[in-house]
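Novice: Please see the structure below; I have some questions.
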Amino acid sequence: MNTVLEDSVFKRVNLDFEKISAYGFTQTESGWIYKTNFMNGNFKAVIRIDSAGHVSGTVYEIATEDEYLPLRVESMDGFAAEVRNAYIEILKDIKEKCCHENVFIFPQTNRLADEIYNKYGDKPEFPWPEYPTFGVFKNPTNGKWYALVMALNVQKLDKKLTGEVEVMNIKLDPEKIKELHKEKGFYPAYHMNKKNWISILLNDTVPDNVLLNFLDESHRFTIKKQK
C-alpha cells in the first residue's frame with residue numbers, strides 16, 4: 001500500500017491511543033479506523049492505524065464508491081490537487097490533536113537524545129534548513145561537536161540494506177574506529193573525517209548502553225584538558 005502521504009505527515013511523532021479514541025477512531029481487531037466525509041461530502045476518507053502506530057488511508061468518491069486514485073499522483077494539479085490537499089489537512093489535524101512530537105524519527109535516536117539531555121543538558125540544533133533531519137549535539141561552552149544525527153538512505157552506507165535510517169556520527173580514538181569497522185552497525189563516517197569519526201546505525205543493532213559509552217568518549221574530546 002502506498003503510504004507516502006501519511007508517512008510524510010506522521011514522521012517524527014508518536015500517536016496517543018487514548019487521544020485517537022476521543023478524536024473518533026473506532027478500535028478493530030487489526031487496530032483503529034476513522035471515517036469522515038470532506039470536499040462538500042463528495043469524498044470519504046478512511047484512515048487506519050495499526051497496532052504499531054502506522055497510519056494508512058484510502059479516499060473514495062462518494063458517488064461511485066471507487067477509490068480516488070489521483071490522490072497518490074504528486075504531479076496532478078487542478079481539482080485532484082484540491083482533493084489531495086484537503087486530505088492532507090485531515091491528516092494534519094489528526095497529527096496535531098492525537099500525537100506527541102519527537103525530536104528525531106526513530107525510537108533509539110529519541111532515547112539517546114533524552115539520555116544526552118539528562119546527562120549533559122544539551123538539546124540538538126538543526127542548523128541546515130535544506131537538511132531538516134540533521135541534528136548536531138555540541139558542548140555549549142566551546143561549540144565543539146560530539147555527535148551528529150542524520151536521516152538518510154541506508155544504501156549510502158551499506159548497499160546490502162534498504163530504506164531510510166538514522167545514523168549518529170561520533171568522535172573516537174582512531175585505533176578504536178578501525179576495530180569497530182569490523183562490527184555490525186558501524187561504518188566509515190558519512191560526510192566527516194573517517195579517521196576520527198564513525199557512523200553508527202540507530203536501529204537497535206547497537207545497544208543503547210554501548211552507544212552511551214561511546215557518546216561519553218566523544219563528549220570528552222570537547223572538554224579542554226586542564227594543565
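The values are calculated or read from the model by the stated rules, or taken from the named source; none is laboratory data. Computed from a prediction, not measured in an experiment: that's the story for all the values here. All Cβ positions, even for glycine, are placed from backbone atoms using ideal geometry, and neighbour counts span all protein chains on display.
Novice: Are any of the residues in the range 23-36 at pLDDT 95 or above, of a type in the set (Val, Ile, Thr) and within 28 Å of residue 164 (Cα to Cα)?
Specialist: The answer is yes; a qualifying residue exists.
Novice: Determine whether the range 50-64 contains at least one residue that is touching a residue at least 60 places away in the same chain (Cβ under 8 Å) and among the hydrophobic types (A, V, I, L, M, F, W, C). Let's see the steps before the verdict.
Specialist: Taking the range 50-64 and keeping what is touching a residue at least 60 places away in the same chain (Cβ under 8 Å), we get none.
The answer is no; no qualifying residue exists.
Novice: List pairs: first residue in the range 86-111 and without any contact (Cβ under 8 Å) to a residue 40 or more places away in the chain and within 21 Å of residue 131 (Cβ to Cβ), second residue among the polar types (S, T, N, Q) and surrounded by 14 or more Cβ atoms within 10 Å (Cβ to Cβ) anywhere in the structure, Cβ distance under 8 angstrom, at least six positions apart or on different chains.
Specialist: Pairs found: 110/102.
Novice: Say we look at the range 100-144 and pick out the residues that are under 22 Å from residue 16 (Cβ atoms) and hydroxyl-bearing (Ser, Thr, Tyr); which of these is surrounded by the fewest Cβ atoms within 10 Å (Cβ to Cβ)?
Specialist: 117
Novice: Here is a list: 138, 171, 159. Which entry is more than 17 Å from residue 103 (Cβ to Cβ), among the charged types (D, E, K, R) and touching a residue at least 12 places away in the same chain (Cβ under 8 Å)? Full working, then the answer.
Specialist: Working: 138 fails: more than 17 Å from residue 103 (Cβ to Cβ); 159 fails: touching a residue at least 12 places away in the same chain (Cβ under 8 Å).
Testing whether each residue is more than 17 Å from residue 103 (Cβ to Cβ), among the charged types (D, E, K, R) and touching a residue at least 12 places away in the same chain (Cβ under 8 Å) leaves just 171.
Novice: From the list 12, 48, exactly one residue is farther than 17 Å from residue 70 by Cα, surrounded by 13 or more Cβ atoms within 10 Å (Cβ to Cβ), among the charged types (D, E, K, R) and in contact with a strand residue (DSSP E or B) (Cβ under 6 Å, 6 or more places away or on another chain). Which is it? Working first, answer last.
Specialist: On the way: 12 fails: in contact with a strand residue (DSSP E or B) (Cβ under 6 Å, 6 or more places away or on another chain).
Being farther than 17 Å from residue 70 by Cα, surrounded by 13 or more Cβ atoms within 10 Å (Cβ to Cβ), among the charged types (D, E, K, R) and in contact with a strand residue (DSSP E or B) (Cβ under 6 Å, 6 or more places away or on another chain) holds for just one of 12, 48, which is 48.
Novice: Given the residues 42, 2, which is the only one that is over 30 Å from residue 213 (Cβ atoms) and at pLDDT 95 or above? Quick ask: steps written out before the conclusion?
Specialist: Values: 2 fails: at pLDDT 95 or above.
Selected residue: 42, the only one of 42, 2 that is over 30 Å from residue 213 (Cβ atoms) and at pLDDT 95 or above.
Novice: Right, next: Mind listing whichever residues of the range 132-160 are among the basic types (Lys, Arg) and under 16 Å from residue 203 (Cα atoms)? Give the derivation first.
Specialist: Step one: list which residues in the range 132-160 are among the basic types (Lys, Arg), which gives 138, 144, 156, 159-160.
Scanning the range 132-160 gives 156, 160.
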